[in-house]
Amino acid sequence: MSDELPPPPDIARDVFTGDAWDRAQAYAELLAGPGVVRGLLGPREVPRIWDRHLLNCAVVAEAIPQDVHLVDIGSGAGLPGVVLAIVRPDLTVTLLEPLLRRTVFLEECVETLKLGNVEVLRGRAEELHGKRQFDVAVARAVAPLDRLLTWSMALLPEGGELIAMKGERAAEELAAAEPRLKALGVRSAELVTVGRGKVEPPATLVRVVAGRAPEQKRRRRRR
């Protein structure tokens, strides 16, 4: 194990169960080693890999339905997409990332961890508009919510969900995105707290359920 990588906290055993335990430990090593060397994770983050990154991403699984196809927008080093694939083998996960050096790392992670439920796709969310759809979109530290809405809603069917990890600024970003939410005709938008008793503080998410934009509704009525 890396000299800087701390041992996993006890609660990690309750979050990563069965085969997920060995995969989570192996992924932590990948992040602390090649992930840092290649600049995907800062060296100062290594002592916080378990608490701030792996566990904080794993608890997002509480907000995700069973057996869905999920896209991780701007996956970076695989947070949260790789973690969700580890902890929830029922999910089909697409890691969407535009930068080559990151997609190479992600492909290595998928191969090393033997994640048969994951595909790595190089590209930007807007490039997939009209080409691919997913049941759920997730994102962590990618962009402000109003911009993230523009990227993600076109990838979701009506009733599909965006799960954005926003932390302490979640309420502020949700309020600021109100005009965009209305323009996109979303069904609902709310704050969701996950990870109580597992991470401190609990993780705060913004969950947006896709609807039909007003312009689309008008076109549908004319038919």
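The values are calculated or read from the model by the stated rules, or taken from the named source; none is laboratory data. Worth saying up front: this structure is predicted, and the values here are computed from it rather than measured. Here Cβ is always computed from backbone atoms with ideal geometry, including for glycine, and neighbour counts include all displayed protein chains. Heavy atoms of the whole protein, side chains included, go into the accessibility calculation; ligands, DNA and RNA do not. Shrake-Rupley method; radii C 1.70, N 1.55, O 1.52, S 1.80 Å.
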Worksheet item: Considering only protein heavy atoms, what is the solvent-accessible area of residue 169 at a probe of 1.4 Å, reported in Å² to the nearest 10?
Response: 120 Å²
Discussion item. Suppose we take every Cα in the range 52-111 and form the convex hull; what volume per residue is that in Å³?
Written reply: 74 Å³
Worksheet item: Can you tell which of 194, 35, 68 lies farthest toward the positive end of the dipole of the chain, using +1 and -1 charges on the Cβ of basic and acidic side chains (Lys, Arg; Asp, Glu)?
Response: 68
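Can you give the FRET efficiency to the nearest 0.05 for residue 48 and residue 147, using r as the Cβ-Cβ distance and R₀ = 30 Å?
On the way: r = 27 Å, r/R0 = 0.89.
Using R0 = 30 Å, I get an efficiency of 0.65.
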Practice prompt. Just the number, please: Stokes-Einstein D of the chain in µm²/s, Kirkwood Rh from C-alpha pairs, 20 °C, 1.002 mPa s.
Written response: 120 µm²/s
Worksheet item: residue 29 to residue 133: FRET efficiency via 1/(1 + (r/R0)^6), r the Cβ-Cβ distance, R0 30 Å, to the nearest 0.05?
Response: 0.30
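Ignoring ligands, DNA and RNA, please state the percent of accessible area on the chain from carbon and sulfur, probe 1.4 Å. List each step's numbers first, then the result.
On the way: 5150 of 10980 Å².
Carbon plus sulfur share of accessible area: 47 percent.
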Worksheet item: What accessible surface, in Å², does a 1.4 Å probe find on residue 129, ignoring ligands, DNA and RNA and rounding to the nearest 10?
Response: 60 Å²
Worksheet item: Check residue 137: other-chain or 5+ apart residues with amide H under 5 Å from its amide H, H built from backbone geometry?
Response: 71, 161, 162, 163
Item to complete: Kindly write out, for the range 202-210 in residue order, the coupling ³J(HN,Hα) from the Karplus curve 6.51 cos²θ - 1.76 cosθ + 1.60 (θ = phi - 60°), rounded to whole Hz, with x marking Gly and Pro.
Response: x, 7, 9, 10, 10, 10, 10, 9, 5
Discussion item. Using +1 at the C-beta of Lys and Arg and -1 at the C-beta of Asp and Glu, which of 170, 82, 211 has the Cα lying farthest in the positive direction of the dipole of the chain?
Written reply: 211
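How large is the charge dipole for the chain, taken about the Cα centre, if only the Cβ atoms of Lys, Arg (+1) and Asp, Glu (-1) carry charge, to the nearest 20 debye?
On the way: 32 positive and 31 negative charges, 305 e Å.
Dipole size: approximately 1460 debye.
So if we plug the beta-carbon distance of residue 107 and residue 14 into 1/(1 + (r/R0)^6) with R0 = 35 Å, what FRET efficiency do we get, rounded to 0.05? Walk me through the numbers before you get to the answer.
Numbers: r = 30 Å, r/R0 = 0.86.
Efficiency for this residue pair is about 0.70.
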Fill in: Dipole magnitude of the range 37-162, debye to nearest 20 (Cβ charges: Lys/Arg +1, Asp/Glu -1, about Cα centre)
540 debye
Worksheet item: What number of lysine-lysine pairs in the chain show an alpha-carbon separation below 22 angstrom, given a sequence spacing of 8 or more or placement on distinct chains?
Response: 4
Discussion item. Per DSSP helix of 4 or more residues, -39500 (n - 2.57); summed, then divided by the residues of the chain. What does that give at 222 nm, rounded to the nearest 500?
Written reply: -8500 deg cm²/dmol
